[in-house]
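Only one structure is covered here, and it is reproduced in the block below.
The values are calculated or read from the model by the stated rules, or taken from the named source; none is laboratory data. It should be emphasised that the depicted structure is a prediction, and the values quoted were computed from it without experimental measurement. Counting neighbours? That spans all protein chains shown, and the Cβs are built from the backbone with ideal geometry, glycine included. Surface areas here come from the heavy atoms of the whole protein model, side chains and all, with no ligands, DNA or RNA. Shrake-Rupley method; radii C 1.70, N 1.55, O 1.52, S 1.80 Å.
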Amino acid sequence: MAAEATGLLSALAHAGHPEESAARAAFKAGGRFLGLDASDLVFAPRAECPLEGVDRALDRLALLSPGGKRRLVQACAATVASTKISRSSPVSL
């Protein structure tokens, strides 16, 4: 489920940063918590992060073990903490 996890983190990172380099940095901040090989940490371009894709990814990620879910939540939290979406401004995914 590496593709789903990295897709979710990519979407979160893009939601918080209009600039690609800043989004990539936020993705990397979260990605380190996933426990994946570097080759599996693939940052997706904004065009490949539609809301429908996030919804499908969450359906699949719900099947993770408790430990996997813990790592995913930590990764999402680190990604959000590195982005501007932690502010109370409206966000469009």
> For the chain, what is the accessible area per residue in Å² when the probe is 1.4 Å?
Replying inline: 59 Å²
> Taking the alpha carbon gyration tensor of the chain, what are the square roots of 5 times its eigenvalues, largest first, to the nearest whole Å?
Replying inline: 19, 14, 13
> What 222 nm value per residue comes from the helices of the chain, counting each DSSP H run with n ≥ 4 as -39,500 (n - 2.57) and dividing by all residues, nearest 500 deg cm²/dmol?
Replying inline: -18500 deg cm²/dmol
> Between MET1, ALA78, LEU63, whose Cα lies farthest towards the positive end of the dipole of the chain when Lys and Arg beta carbons carry +1 and Asp and Glu beta carbons carry -1, centred on the Cα centre?
Replying inline: ALA78
> Got a sec? Which residues in the stretch 1-43 would a label at LEU63 touch, if it sits 7 Å along Cα→Cβ and we count backbone N under 18 Å?
Replying inline: 1-8
> So, with a 1.4 angstrom probe, what is the percent of accessible area on the chain that is carbon and sulfur?
Replying inline: 57 percent
